[in-house]
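The values are calculated or read from the model by the stated rules, or taken from the named source; none is laboratory data. Since the structure is predicted, the reported quantities are computational estimates derived from the model, not experimental observations. Cβ atoms come from the backbone with ideal geometry, glycine included; neighbour counts cover every protein chain shown. Surface areas here come from the heavy atoms of the whole protein model, side chains and all, with no ligands, DNA or RNA. Shrake-Rupley method; radii C 1.70, N 1.55, O 1.52, S 1.80 Å.
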Amino acid sequence: MSDISQAITGRPGAAFVSRFSMRDAGTLIGLVVILGFFGALVPGFFAERNLINILQQSSINACLALGMTLVIISGGIDLSVGPTAALSAVISASMLMAGAPIPLAIAAGLAIGLAGGLVNGILVAHVGLQPFIVTLGTLSTYRALALIYTGGNPVLGLPADFRAVFNGSLLGLPLSVVIVAMVALVAWIILKKTPFGEYLLAVGGNEEAAYIAGVPIARTKIAAYMISGLLAALAAQILIGRLGAAEPILGNLWELDAIAAAAIGGASLMGGKGSVIGTILGAVVLGSMRNGLTLMNVQSFYQLLATGLIILAAMLIDRVTRGRG
Amino acid sequence: MSDISQAITGRPGAAFVSRFSMRDAGTLIGLVVILGFFGALVPGFFAERNLINILQQSSINACLALGMTLVIISGGIDLSVGPTAALSAVISASMLMAGAPIPLAIAAGLAIGLAGGLVNGILVAHVGLQPFIVTLGTLSTYRALALIYTGGNPVLGLPADFRAVFNGSLLGLPLSVVIVAMVALVAWIILKKTPFGEYLLAVGGNEEAAYIAGVPIARTKIAAYMISGLLAALAAQILIGRLGAAEPILGNLWELDAIAAAAIGGASLMGGKGSVIGTILGAVVLGSMRNGLTLMNVQSFYQLLATGLIILAAMLIDRVTRGRG
Amino acid sequence: MFEIPRLKFEGVSKVFPGVRALSDVSFAIGAGEAHGLLGENGAGKSTLLRILSGVYRPTAGHIAIDGKPVAFANPVAARQAGIAMIHQELQQVARLSVAQNMFLGQPLTRSGIFVASREQERRAAEALAAIDPNIDPAVPIGTLKVAQRQIVEIARALLNRAKVVAMDEPTSSLTPAEFERLAEVIAGLARDGVAVVYVSHKLDEVFGICRRATIMRDGVVVDSVDLADLPEKAVVAMMVGRELAQEKHRSHKSGDVRLTARSLSSATKVRDVSFDLHRGELLGIAGLVGSGRTELLRLLAGADRLSSGAIEIDGRSVRLSSPRDAIAAGIGLVPEERKREGIVPLRSIISNMALSSMKVFAPRVLIDNRRLRRVAAEKMQRVNLRPFLLDRPIRLFSGGNQQKAIIGRWLAAGTRILLFDEPTRGIDVGAKAEIYHLIEELAAEGHSVIVVSSELPEVIRLADRVLVMREGTVAAELEGTDLNEHAIAAHAIPQSKRQPGQADAGRASA
Amino acid sequence: TDLAPLNSDTEKDRIEWSQLDAKFGAFPKLPEGTKAGAVSKTLTNEYWRSLGEGYKTFGGKIGVPVVYQAAQSEGDQLGQLTIAEGLVTQGYNVLLVSPQTDSNLQPIMEQAKAANVPVINVNDAVIPQAEHYVGNVQRDNGVRVAKWFIKNRPEGGKVAVVEGQAGVYAAVQRTEGFKATIGESGKFQVVASVPGNWDRQTSYDAATNILQQHPDLIGFYANNDGMALGIVEAVKAAGLQGKVAVFGTDGISDAYASIRAGELTGTVDSFPVLTGEVALEAALRLVAGQKLPRVVATPQALITKDNADRYSGPDARKALLEDAAAGQ
Ligand SMILES: Nc1ncnc2c1ncn2[C@@H]1O[C@H](COP(=O)(O)OP(=O)(O)OP(=O)(O)O)[C@@H](O)[C@H]1O
Ligand SMILES: Nc1ncnc2c1ncn2[C@@H]1O[C@H](COP(=O)(O)OP(=O)(O)OP(=O)(O)O)[C@@H](O)[C@H]1O
Ligand SMILES: [Mg+2]
Ligand SMILES: [Mg+2]
């Protein structure tokens, strides 16, 4: 019975380690291939300055993609991140211009993100609508609200104090990168170490079983959308800090990049599966690609081609190294 | 044994009617509400001419959405319809400008659609990648190919003979409407009356079980994507016939409209569920909305708002009338 | 008699759209009593227990615990009221660990924030130890076998101190040895004053565990009886509403070899399996859980790929690279995990039945609907589908009736070689007899049949000849007088573990 | 900085393109190895490709290499920022940027300043902190079309606007200019002003609906040429060709072809190739150390069938110089 009992008991530690590497190694290999490719072709690609650029340029997408990952794990999707960010941005910005204290303006912006997520979550969890359609509807709605609120005009000239909050650097890294790294750490802890993380995996993995086990399905889903909204709002704050202005049309097509990052990182759009580390790697894959193509001075049509092919290639590498599923 | 003999002879009609109403009544009610709303507010909304306009303006989206419905039923999604259409359009158009016979140019355009779908299908079915990501990748790739092929320029001044093919009318209806109605009829027959339809529903409903039951999984999925590509190409032909020009940027965001139509019509993005009649109704809901808002001269921000809210409202009505699931 | 029962159903009714699943169900169970709940497929047992555990709300009537009426809004409310439930279908999240699954919805935490994984694993191991100490609580549950996952379900019900433990077919995948340990656990629960509701189609288990039982038929209570007073036959008669004739095995084997397996091996488990299957023959395959029976059937059904070896049908070698090939060669599989591999839940009985024979029903392009309905009605009548609603989505049928529809699928496809993997798992005595009868009829008609089963009486009852599998190979081939439970068990245990007199203690059925 | 936020349409510190030579002399000598980097909105619109052509032409003429990049699509704001940052990193001596929005390239201003690289905002969206702007007055687009209606349709009537993407600067300004000017005359009614999203099909559908409701409409103004060409087809399909005037914006080659064919009534050409040449010239004059006014205005002209030949082909520059001399 030796082989049977071995099959039964397994080697738990090994299993976990191997699951980490199984899941994320594919993405890592994809990243290494892309970095190697550009490193070989573009002089200065590996310059410290450029690597920091890549991280900074990936940070906003990474921030969104982390929220997206949680939503995707719960079996949903959030197409409304860009407009949520825009709404958050213009409200914080107009408060700042009206002289509101910085923490209040930031808090209001983040609250808008939470509220946007709450609406999405309620429509998905309590009303029972399909996530894709709910967030497609709120994609238009939130964008329209941002446009109506500002009359379509950007809010320009944000105070330097506010911009300083997000524009500093810590240990040589831009603050935005540090903030997103911290967000990633928290997301990792949430997913791996808290009941909520388990609930997300359970709800997305087998909703019926989760319900029977007493997992608060609706609360779990709503929380996922609220976190996604919150992180979209945080990304918006970082961005308007960088830009010094908030526009109602900010965040156009952000959802696709965020979904791509999560998927390259191994999240399954069928739910129940996804990894924080993978998503971060996925965002950096996309960021390095943009950066490298620009430095190679590739014409935009060919950049578009490369974007498409690299997304497919990343998934292929991932698929080959990780096996089916 | 009365119940058995009843089951044998059935009341197939009755069964079909009741299945129709359960699924599609919700969408129909949504449509009626929207029509009633605009009819009350917009003079001339119910004019025959305007109703024909609505049908014509819905026809392209309906055409795409039918293909999308089949893909969604199979458990997938096709984000690449717009770029597929663009590629098909510019290739047909440039052949026409080079003097190719009309049937050949159309055939080539449709073949491009099939080929685009084939690539999507193979990557999904044989390579085993996630449909969302595959078609996100080909969304960029096909668009880039169309742009590169034309250098970004529209192909203008298509021959009148070609345009006549799609611009005539039959029994007072624009030919494009007639063509799409025929496509819908074929799609309905496929879904309800052919083995392929059963296979689609089975593959999307439970792939593992379908496999054991001998359903040709890969072929079924590939066929769904190929039909979606073909219908995108057909939509492109209709559109360039109407506009007299083919642009490489044609079809931007078509996928969202097509998915919205399918979802409003009751298709589930989890697969295994969807209806041709519902999708057609969904496309007409969206078309009437656009038409009504334009006739009311609603300012663009508020049009966007209305678009979002109406998508949500249509899903809500649908949800309330149809019950959960 | 005047003592307040621990659990009481009072006039419980449940109506689903189009079906009345329960009508006015009333009975009571005392503290410390293990109470059987018996009935055919679709009698309403699971529905009743799902009401008890807060998954469904009754349409009418209520439940009383210790004399106090309760109404559960959700499963958590039921759990908090002291109800623990083992569901008929495994309710697990494949990617979470065993311990995470066991504590799902009620995690142990450190400082109220973090999951106390170690503590959960320790307590999970404790609960598991009573039945199978070999299950590692830290591995993802998706990597376990069905039987082990079922044991996890049982252990989960033991975590909390419950007043009522409801078990809906807890042993459908378990071996007798595992059942024995479960029986001890149940006895322990009873000693602690817990009321146990025990649902099983294995009557001997119910007789072994329970003193009293309630028998249901078509959603109503037929009677609550003292099992000690009744012979099994009488109970069965109450369940099905008629006496079941005990049939004896008859062979229909003819001379011609229909299928030959030559040294079949798979990449994972099956090693060098060879046998012949004759026309009209009923070949049984027995073995321990994990001995490779399912994998062997999947090889024959084209669902998995051979790594070496060859399959011949009617003397000609065939390549089975997909179930499609196998179906074309006349082979059909009735799979072990019905929900995952058998049914397309949203589709009707007709669609599920017709899936494998589209070529027959659509000779040209369109499906011949009239013919399809006629054939479907005929086949479903033959398998005795209940309720006889051919357009109803299959997910709304009980497990037994789903199984009948899958069997109907192969009848419709004109399959000549039928592979049954645990054909009567979760299926009641009435339907079981029907399925046995059906299988024998098929053999009599010249079909060749392979039956994999963990229930040895079932294999012996059905099979002309039995292959005993051990660790992926055929350890023995038993026929005629050699074919008995003891012999099978003896061959099924791996050599190294076999010690004199221990054959019966293994994981094989006895 | 102490610069007031730029409004390119009203900035006082400006110069007409035609006066560069007159005021600042012949083109100066450049430091050895000067190279220019340019990033525009997208290459999917001919307008931006022509602008790039202008950069290349001028760069070729004086031997300065120009790298011209563009975002992958209109609206890819962060992608454009990434590209611009890449150009700063790579050490180009001057940057010419046509931003997606008023603020998405803001960080570039600071990075470029730190690297001592001048930045020229070329057309469309206006970066408030921009020290240098080359381009035309967006509002003037709509004004010119409105004036055409006032002059050529003295009896007045119903007109409609098909707008670009909601919230985009150029669309807002052009529409504003048109509506304000035509409103002043008092004879015209703007019966519809609806989004066309820069999209031919959307514009076609919108125009069809508007024509159906207002068959007596006398004209359309579209915020770009692609949309205008879609509207032309809708007008033809409604059998109203010749009765409804259609104007576009940009002056792409297809618009010229359509004008010559008598279908499109007119377009406001803002001469992207010339704009590119002027912009690079201004940029390189900065590199050479000259101090230019904050805004260099580039020309535009309302093109109709009558003057289409004058403004296309090799003599366009001459014609524009004549216009400038005539003070138009
Ligand atoms: N969610 C549901 N919707 C509609 N009908 C249902 C639903 N669940 C169960 N039923 C029906 O209720 C009846 C009782 O089913 P139930 O599952 O309780 O039977 P059971 O006695 O547990 O059968 P088995 O022995 O096969 O498990 C069946 O006719 C079944 O089809
Ligand atoms: N390593 C594994 N991970 C997950 N599932 C497995 C693994 N090995 C086997 N299984 C599944 O467990 C079941 C047991 O199959 P197997 O052929 O090994 O044994 P068997 O003799 O059929 O035993 P059983 O009585 O459990 O059916 C099958 O459904 C198989 O797919
Ligand atoms: Mg049951
Ligand atoms: Mg098995």
Exercise for review: Could you check, for the range C:368-386, whether at least one of its residues is within 14 Å of ligand 1 (Cβ to nearest atom), assigned by the TED database to the domain that holds C:E281 and not aliphatic (A, V, I, L, M)?
Suggested key: yes
Review point. Quick one: would you say B:I112 is in contact (Cβ under 8 Å) with a residue 12 or more places away in the chain and open to solvent by 30 Å² or more (accessible area, probe 1.4 Å)?
Key: yes
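Here is a check on your reading of the model: is C:G287 within 9 Å of chain B (Cβ to nearest Cβ), crowded, with 23+ Cβ neighbours inside 10 Å and within 16 Å of ligand 2 (Cβ to nearest atom)?
It is false that C:G287 is within 9 Å of chain B (Cβ to nearest Cβ), crowded, with 23+ Cβ neighbours inside 10 Å and within 16 Å of ligand 2 (Cβ to nearest atom).
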Exercise for review: Being within 14 Å of ligand 2 (Cβ to nearest atom) and part of a loop (DSSP other than H, G, I, E, B) is the filter; apply it to the range C:447-483 and report the residue that is nearest to the other protein chains (Cβ to nearest Cβ).
Suggested key: C:E471
Practice item. Go through the residues of the range C:175-191 one by one and say whether even a single one is in a loop (DSSP other than H, G, I, E, B), touching a strand residue (DSSP E or B) at 6+ places or on another chain (Cβ under 9 Å) and within 16 Å of ligand 2 (Cβ to nearest atom). Key: no
Review point. Hey, any hits in the range D:213-228 for a residue that's away from chain B (no Cβ under 14 Å), modelled with pLDDT of 95 or more and open to solvent by 10 Å² or more (accessible area, probe 1.4 Å)?
Key: yes
Practice item. For the range B:153-163, indicate whether the set of residues that are buried (at least 23 other Cβ atoms within 10 Å of the Cβ) and in a loop (DSSP other than H, G, I, E, B) is non-empty. Key: yes
Practice item. Determine whether the range B:16-39 contains at least one residue that is more than 16 Å from the chain's Cα centre (by Cα) and outside any helix (DSSP H, G or I). Key: no
Exercise for review: Might you check whether a residue that is within 16 Å of ligand 2 (Cβ to nearest atom) and in contact with a helix residue (DSSP H, G or I) (Cβ under 9 Å, 6 or more places away or on another chain) occurs anywhere in the range C:407-419?
Suggested key: yes
Review point. Filter the range A:40-91 for residues that are more than 10 Å from every other protein chain (Cβ to nearest Cβ), farther than 20 Å from A:L256 by Cβ and assigned to a helix (DSSP H, G or I); which is least open to solvent (accessible area, probe 1.4 Å)?
Key: A:V90
Review point. Within the range C:290-320, which residues are open to solvent by less than 10 Å² (accessible area, probe 1.4 Å), within 16 Å of ligand 4 (Cβ to nearest atom) and either outside the structural domain of C:L483 (by the TED database) or out of contact with any Asp or Glu (no Cβ under 6 Å at 6 or more places or on another chain) (or both)?
Key: C:S291, C:G292, C:L296, C:L299, C:L300, C:A301, C:A303
Review point. Given the residues C:I327, C:I407, which is the only one that is in the same structural domain as C:D304 (by the TED database) and within 16 Å of ligand 1 (Cβ to nearest atom)?
Key: C:I407
Exercise for review: Exactly one condition in (1) polar (S, T, N, Q); (2) crowded, with 22+ Cβ neighbours inside 10 Å; (3) away from ligand 3 (no atom under 16 Å from the Cβ) is not met by C:T214; state its number.
Suggested key: (3)
Study note, to complete from the structure: Expected output for the range C:199-215 (first residue among the hydroxyl-bearing types (S, T, Y), partner within 16 Å of ligand 2 (Cβ to nearest atom), Cβ below 7 Å, 6+ apart or cross-chain) is C:S200/C:E169; C:S200/C:T171
Check your understanding: Hey, does the range D:68-78 have a residue that's open to solvent by 10 Å² or more (accessible area, probe 1.4 Å) and in contact with a Gly (Cβ under 7 Å, 6 or more places away or on another chain)?
Key -> yes
Revision key, fill the gap. Of (1) at pLDDT 80 or above; (2) open to solvent by less than 40 Å² (accessible area, probe 1.4 Å), A:G10 satisfies every one except (1)
**Study point:** Residue in the range C:363-379 that is away from ligand 4 (no atom under 16 Å from the Cβ), touching a helix residue (DSSP H, G or I) at 6+ places or on another chain (Cβ under 7 Å) and within 30 Å of C:P457 (Cβ to Cβ) present
**Key:** yes
Review point. Which one is farthest from C:S265 (Cα to Cα), of the residues in the range C:321-345 that are crowded, with 20+ Cβ neighbours inside 10 Å and within 7 Å of chain B (Cβ to nearest Cβ)?
Key: C:V344
Study note, to complete from the structure: Scanning the range B:228-265 for residues that are within 14 Å of chain A (Cβ to nearest Cβ), open to solvent by less than 10 Å² (accessible area, probe 1.4 Å) and closer than 25 Å to B:T27 by Cα gives B:A258, B:I259, B:A260, B:A261, B:A262, B:A263, B:I264, B:G265
Study note, to complete from the structure: When B:M182 is run through (1) open to solvent by 40 Å² or more (accessible area, probe 1.4 Å); (2) of a type in the set (A, V, I, L, M); (3) within 13 Å of another protein chain (Cβ to nearest Cβ), the failure sits at (3)
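Determine whether C:A444 is more than 14 Å from chain B (Cβ to nearest Cβ), surrounded by fewer than 21 Cβ atoms within 10 Å (Cβ to Cβ), more than 16 Å from ligand 1 (Cβ to nearest atom) and without any contact (Cβ under 8 Å) to a residue 24 or more places away in the chain. Give the steps one after another, and end with the answer.
On the way: more than 14 Å from chain B (Cβ to nearest Cβ): yes; surrounded by fewer than 21 Cβ atoms within 10 Å (Cβ to Cβ): yes; more than 16 Å from ligand 1 (Cβ to nearest atom): yes; without any contact (Cβ under 8 Å) to a residue 24 or more places away in the chain: no.
In short, no.
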Check your understanding: Would you call C:Q120 closer than 23 Å to C:T175 by Cα and crowded, with 18+ Cβ neighbours inside 10 Å?
Key -> no
Revision key, fill the gap. Within the range D:50-105, the residues that are facing chain A (nearest Cβ under 8 Å) and assigned to a loop (DSSP other than H, G, I, E, B) are D:A71, D:Q72, D:S73, D:G75, D:D76, D:Q90, D:T101, D:D102, D:S103, D:N104
Revision key, fill the gap. Scanning the range C:65-107 for residues that are at the interface with chain A (Cβ under 8 Å from one of its Cβ atoms) and farther than 18 Å from C:E153 by Cβ gives C:N74
Revision key, fill the gap. Flagged in the range C:33-69 as small (G, A, S), open to solvent by 30 Å² or more (accessible area, probe 1.4 Å) and over 26 Å from the mean Cα position of the chain (by Cα), in numbering order, are C:A60, C:G61, C:G67
Review point. If you scan the range C:126-168, which residues turn out to be away from ligand 4 (no atom under 16 Å from the Cβ), more than 10 Å from chain A (Cβ to nearest Cβ), open to solvent by 10 Å² or more (accessible area, probe 1.4 Å) and touching a residue at least 24 places away in the same chain (Cβ under 8 Å)?
Key: C:A127, C:A130, C:L158, C:L159, C:N160, C:R161, C:A162, C:K163
Review point. Got at least one residue in the range A:148-155 being within 14 Å of chain B (Cβ to nearest Cβ) and small (G, A, S)?
Key: yes
Check your understanding: What do you reckon, is C:S46 of a type outside the set (V, I, T) and within 16 Å of ligand 3 (Cβ to nearest atom)?
Key -> yes
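Taking the range D:250-280 as the region of interest, how many residues are outside any loop (DSSP other than H, G, I, E, B) and either among the aromatic types (F, W, Y) or within 18 Å of the chain's Cα centre (by Cα) (or both)?
18
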